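Report on the following structure.
The values are calculated or read from the model by the stated rules, or taken from the named source; none is laboratory data. Source: prediction; values computed, not measured. All Cβ positions, glycine included, derive from the backbone under ideal geometry; neighbour counts span all protein chains shown. Just so you know, the surface numbers come from the protein's heavy atoms only, side chains and all, with ligands and any DNA or RNA stripped out. Shrake-Rupley method; radii C 1.70, N 1.55, O 1.52, S 1.80 Å.
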Amino acid sequence: MTAEQFVSAALENLEHGCVIHRSAHTQNLRWANSALTTNGDTQTSNLTVIAFDHGRDGIRVGIRSSEVGEPGDAAVLARGSVEDARGAPVSESAPLTDGGRSDDFASDPQALDPRTTDRLLEAAGTFLEMPGRQFGYAELGTTTTYLATTAGTRRRQVQDEVRFEASVRDEGGSTWWGTNTLATDFDAAARAEQDRLEWQHVREDLEPGRYPVILSPSAVADLLIYLAWSANGRDAAEGHNVFARAGGGTRLGEQLTRRTMTLSADPQYPGLATSDRVVVDSNSSMESVFDNGLPLRRRSLIEDGRLVSLRASRPTAARFGLEPVYLADNLILTDNAGDGDLTDLLARTHNGVLVNCLWYIREVDPQNLLLTGLTRDGVYRVRDGEVVAALPNFRFNVAVPDLLDRVVDATKTSACLPREWADWFTRTAMPALSVDGFNLSSRSDAV
């Protein structure tokens, strides 16, 4: 059965609502101790049916999701969601809009291109051939999403994903590198990992404290993803997060950093393109099933250092006097004064600490977006433009908006893979940042 037939079978049993069908094809490789250990090739499909029950006191929502094997399964799922809606509480709502029709809505789900798989194998081989004990994980994915609503929307969207992580270890220590694009010089990346491992053969000590710290693009991504996840308009309006203004209201319009920085999401961003329509499976203060089919465009949370948007669904926006804002499935930070790459930034640094990547990040206080976590796989002393020694790992504590206001130098933006959040979010492009007074709060035994 085709995806369109499953969607049609569910719609026939809905008076008001939405149907979402996702078909995903993924391939992965894992290696350890310089040998390939596992590989997989997986195809999955799932159908979600969202039913609306229009009553005198408002609209109720019922949602069911499952794998389906034949049109009868889709019909059963739809009737179940209708039944659930009748017994659900009244939901904040907005009228469904017609999101238009894709010319290829009837087309089959997309599969991975074998040439792309070959490129992945070549990249893994590049690292496996290098000295030291090599560890890594690589994954390709493509997901085809079909969205249909009783308002007339018929959209087919394809979104690709690349995740490539490589670690190497020897007696001196370990390092990590990752990317979210196959448009990468993997030979150069493997050589750079070997250089970083060599840096760890000379070691120095460092007491906890506040230091000038250079954060790699990956480390920057891990911190700013959390900021984007926390940019909740309702929480700000109700005084529950860092974007709430003292005395009431939100901090929209405030200057968060003196740097001309912009944090945005763009479905058309080169190399990290994403789906261009809202597809929502359940309600929250930032997302609403009633917004399914709305177009996505480039949106900024921060523009030239100023907070310009907070995330909100149409129902939430109407309730709190906000603008409805959805973000595409990527995140890009740019600094208008950024120049060069990480090597150039190191050359401009008289004295500082280079942090390769972060992990085990947790929120301490939502009121100032204070995060804590650990450095991992490479902390280095930088003197007079050169890396001179490896340092121990640290626990860090940093309030992300405060971090943005402490930035003193930056590189150009480049695609990068977050280390901590790669299981949930891969499409980021960030600069490396030099941050004054970064709090390395205590020593850590992390490797």
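Residues to consider are Ser282, Ser275; find the one that is farther than 22 Å from Ala399 by Cβ, assigned to a loop (DSSP other than H, G, I, E, B) and open to solvent by 50 Å² or more (accessible area, probe 1.4 Å). Don't jump to the end; show me each part of the working.
Numbers: Ser275 fails: open to solvent by 50 Å² or more (accessible area, probe 1.4 Å).
The unique qualifying residue is Ser282.
Answer yes if at least one residue in the range 178-199 is modelled with pLDDT of 95 or more, assigned to a strand (DSSP E or B) and open to solvent by 10 Å² or more (accessible area, probe 1.4 Å), and no otherwise.
Yes.
Restricting attention to the range 93-135, and to residues there that are among the polar types (S, T, N, Q), in contact with a helix residue (DSSP H, G or I) (Cβ under 9 Å, 6 or more places away or on another chain) and outside any loop (DSSP other than H, G, I, E, B), which single residue is least open to solvent (accessible area, probe 1.4 Å)?
Step one: of the range 93-135, the residues among the polar types (S, T, N, Q) are 93, 97, 102, 107, 110, 116-117, 126, 134.
Now narrow it down to the ones that are in contact with a helix residue (DSSP H, G or I) (Cβ under 9 Å, 6 or more places away or on another chain): 93, 97, 107, 126, 134.
This time we only want the ones that are outside any loop (DSSP other than H, G, I, E, B), so: 126, 134.
Details: Thr126: 24, Gln134: 1 Å².
Looking at residues that are among the polar types (S, T, N, Q), in contact with a helix residue (DSSP H, G or I) (Cβ under 9 Å, 6 or more places away or on another chain) and outside any loop (DSSP other than H, G, I, E, B), I get Gln134.
Got a sec? Which of Thr316, Thr262, Thr250 is under 30 Å from Asp377 (Cα atoms), β-branched (Val, Ile, Thr) and surrounded by 17 or more Cβ atoms within 10 Å (Cβ to Cβ)?
On the way: Thr316 fails: under 30 Å from Asp377 (Cα atoms); Thr250 fails: under 30 Å from Asp377 (Cα atoms).
None of the others qualify; the one that does is Thr262.
Got a sec? Which of Ala138, Ala166, Ala151 is at pLDDT 95 or above, farther than 30 Å from Ser34 by Cβ, open to solvent by less than 60 Å² (accessible area, probe 1.4 Å) and of a type outside the set (Lys, Arg)? Talk me through it step by step, then tell me what you get.
Working: Ala138 fails: farther than 30 Å from Ser34 by Cβ; Ala166 fails: farther than 30 Å from Ser34 by Cβ.
After applying the criteria, what remains is Ala151.
In the range 79-92, which residues are in contact (Cβ under 8 Å) with a residue 40 or more places away in the chain and open to solvent by 20 Å² or more (accessible area, probe 1.4 Å)?
Scanning the range 79-92 gives Arg79, Val82, Ser91, Glu92.
Here's a check for you: in the range 415-447, which residue that is charged (D, E, K, R), open to solvent by 40 Å² or more (accessible area, probe 1.4 Å) and in a loop (DSSP other than H, G, I, E, B) is modelled with the highest pLDDT?
Taking the range 415-447 and keeping what is charged (D, E, K, R), we get 419-420, 423, 427, 436, 443, 445.
Filter once more, keeping what is open to solvent by 40 Å² or more (accessible area, probe 1.4 Å): 423, 436, 443, 445.
Pick out the ones that are also in a loop (DSSP other than H, G, I, E, B) and you get 423, 445.
Numbers: Asp423: 95, Asp445: 80.
Across the range 415-447, the extreme among qualifying residues is Asp423.
Just one of Leu224, Leu206 is closer than 21 Å to Asp377 by Cα and crowded, with 18+ Cβ neighbours inside 10 Å; which is it?
On the way: Leu206 fails: crowded, with 18+ Cβ neighbours inside 10 Å.
Exactly one of Leu224, Leu206 is closer than 21 Å to Asp377 by Cα and crowded, with 18+ Cβ neighbours inside 10 Å, namely Leu224.
Can you name every residue in the range 373-431 that is hydroxyl-bearing (Ser, Thr, Tyr) and under 15 Å from Val220 (Cα atoms)? Spell out the reasoning first.
Step one: list which residues in the range 373-431 are hydroxyl-bearing (Ser, Thr, Tyr), which gives 375, 380, 411, 413-414, 426, 428.
Thr375, Thr411, Thr413, Ser414, Thr426, Thr428 - these are the residues of the range 373-431 that are hydroxyl-bearing (Ser, Thr, Tyr) and under 15 Å from Val220 (Cα atoms).
Could you tell me which residue of the range 356-371 is most open to solvent (accessible area, probe 1.4 Å), considering only residues that are outside any loop (DSSP other than H, G, I, E, B) and either small (Gly, Ala, Ser) or closer than 16 Å to Arg406 by Cα (or both)? First the steps, then the outcome.
Initially, the range 356-371 is screened for residues outside any loop (DSSP other than H, G, I, E, B), giving 356-365, 370-371.
From the residues that got through so far, the ones that are either small (Gly, Ala, Ser) or closer than 16 Å to Arg406 by Cα (or both) too are 370-371.
Values: Leu370: 44, Leu371: 0 Å².
Restricting to residues being outside any loop (DSSP other than H, G, I, E, B) and either small (Gly, Ala, Ser) or closer than 16 Å to Arg406 by Cα (or both), the top hit is Leu370.
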